[in-house]
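Q: Supplied in structure tokens, the structure appears directly below.
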Amino acid sequence: MRAAVPQPPSRYRPDAAPDYGHRFHAGNVGDVWKHCALVEVLRLAAAGGPGVTYVETHAGDGAYDLGPTGEWTEGIGRLWGSTELARPDDAVGRYVELCRRLGAGAERPTRYAGSPLLARAVLGPEAPLLLHEIDPSAYRRLAAATAGDPRVTIAETDGLSALPDAIRAAEAGGAHVVALVDPPWTQKADWTHVPDVLARAVAASARAAFVLWYPVKSLTRPNAMIARLEAAGVPGVVVELITTPLGHQRQRLNGSGVLLVRPPRRTLRALSAAAPVLARHCAVRPRTWSFRIQSWAPPAP
């Protein structure tokens, strides 16, 4: 008889302790790609008309102090002091300008703004923000980072489980919804659980735009997730930026992807232009990077 293999605690079980802290990864190259894409989606959604509501499943601390070393050195640290990127007329320039304005630091960043603060800056003071964070410590830090903002609602609960109902309720009020789904991806099962929840949320929605971030160390799990969503009838497009060759195994990310459902017009054009700019700065090996766009439609009935 084989002995049972103990399973790590999961933040998707109500009785389990959270098993992830984003403060160790804040500002890394995955954050750079995710937040550059998020800023563009929010900007273009807001330009399409007033009344955008922002929903986030895993909001984290809201902002993060950056130590002298860390993963940020391969991400925002490579963009922070660049005069080439001081242009507000493209996606990378807008993102970097927001990081400098909302964060802190002179020659290097010492504080990095998370997605809730970026969303507030892009959407303006009147947009409702519904933030979920199940980790009690991160929840307290998030509450402090957003204190005094009457349009922010924070739920100390599992944002994935709450997502379909949250989207449905926001749309019922007439809002155009943008949702960031940003799970920790700490377990293999996440690669089936997360797309299944996303499929239910998309089915519960008439027009919401979804942004799902995921890490890339190989293409096996991302490709399986795409196939799962396509089979579930979810239309979408992925944009992946790889800044370390996939054959180079290491503890840090090789790259990351953003899966978009119903993105605003011109989003893909903006991100296609942003990818080579970010890659030139963030690639671990000079001129060694890749970018993938893959779209799909639901299968025919």
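The values are calculated or read from the model by the stated rules, or taken from the named source; none is laboratory data. Keep in mind the model is a prediction, meaning the values are calculated, not measured. FYI the Cβ positions are ideal-geometry reconstructions off the backbone, even for glycines, and counts take in every protein chain you see. Areas reflect the complete protein model, heavy atoms only, side chains present, ligands, DNA and RNA absent. Shrake-Rupley method; radii C 1.70, N 1.55, O 1.52, S 1.80 Å.
Q: Kindly state which strands (runs of 3 or more DSSP E) lie completely within the range 48-147 and contain at least 1 residues that are touching a Pro at 6+ places or on another chain (Cβ under 9 Å) and either of a type in the set (D, E, K, R) or within 30 Å of residue 172 (Cβ to Cβ) (or both).
A: Working: elements: 52-56, 63-65, 111-113, 129-132.
Per the criteria, 52-56, 129-132.
Q: For the range 231-251, name all the residues that are crowded, with 16+ Cβ neighbours inside 10 Å and of a type outside the set (A, V, I, L, M, F, W, C). Let's see the steps before the verdict.
A: As a first pass, look at the range 231-251 and keep what is crowded, with 16+ Cβ neighbours inside 10 Å: 232, 234, 236-244.
Residues satisfying the conditions are 236, 240, 243, 244.
Q: Conditions: (1) over 18 Å from residue 180 (Cα atoms); (2) modelled with pLDDT of 90 or more; (3) assigned to a loop (DSSP other than H, G, I, E, B); (4) not hydroxyl-bearing (Ser, Thr, Tyr). Residue 19 meets all but one. Number of the miss?
A: The single condition residue 19 does not satisfy is (2).
Q: Name every residue in the range 175-196 that is part of a strand (DSSP E or B) and of a type outside the set (A, V, I, L, M), in order of residue number. First the steps, then the outcome.
A: As a first pass, look at the range 175-196 and keep what is part of a strand (DSSP E or B): 176-181.
176, the sole residue that qualifies.
Q: For the range 117-129, does any single residue satisfy the condition of being surrounded by 22 or more Cβ atoms within 10 Å (Cβ to Cβ), touching a residue at least 24 places away in the same chain (Cβ under 8 Å), of a type in the set (A, V, I, L, M, F, W, C) and within 15 Å of residue 281 (Cβ to Cβ)?
A: The answer is no, given that none of the residues of the range 117-129 is surrounded by 22 or more Cβ atoms within 10 Å (Cβ to Cβ), touching a residue at least 24 places away in the same chain (Cβ under 8 Å), of a type in the set (A, V, I, L, M, F, W, C) and within 15 Å of residue 281 (Cβ to Cβ).
Q: Which members of the range 66-80 meet the condition of being out of contact with any Phe, Trp or Tyr (no Cβ under 7 Å at 6 or more places or on another chain) and surrounded by 15 or more Cβ atoms within 10 Å (Cβ to Cβ)? Write out each step before concluding.
A: To start, the set of residues in the range 66-80 that are out of contact with any Phe, Trp or Tyr (no Cβ under 7 Å at 6 or more places or on another chain) comprises 67-71, 73-75, 77-80.
70, 71, 73, 74, 75, 77, 78, 79, 80, listed by residue number.
Q: Return a yes/no flag: does the range 40-54 have any residue that is within 26 Å of residue 272 (Cα to Cα), of a type in the set (Val, Ile, Thr), open to solvent by less than 20 Å² (accessible area, probe 1.4 Å) and under 14 Å from the mean Cα position of the chain (by Cα).
A: yes
Q: Separate question: If you scan the range 199-223, which residues turn out to be more than 26 Å from residue 247 (Cβ to Cβ), touching a Gly at 6+ places or on another chain (Cβ under 9 Å) and buried (at least 16 other Cβ atoms within 10 Å of the Cβ)? It would help to see each step written out before you state the result.
A: Step one: filter the range 199-223 for residues more than 26 Å from residue 247 (Cβ to Cβ), giving 199-211.
In the following step, the residues that additionally are touching a Gly at 6+ places or on another chain (Cβ under 9 Å) were identified as 199, 202-203, 210.
Answer for the range 199-223, where residues must be more than 26 Å from residue 247 (Cβ to Cβ), touching a Gly at 6+ places or on another chain (Cβ under 9 Å) and buried (at least 16 other Cβ atoms within 10 Å of the Cβ): 199, 202, 210.
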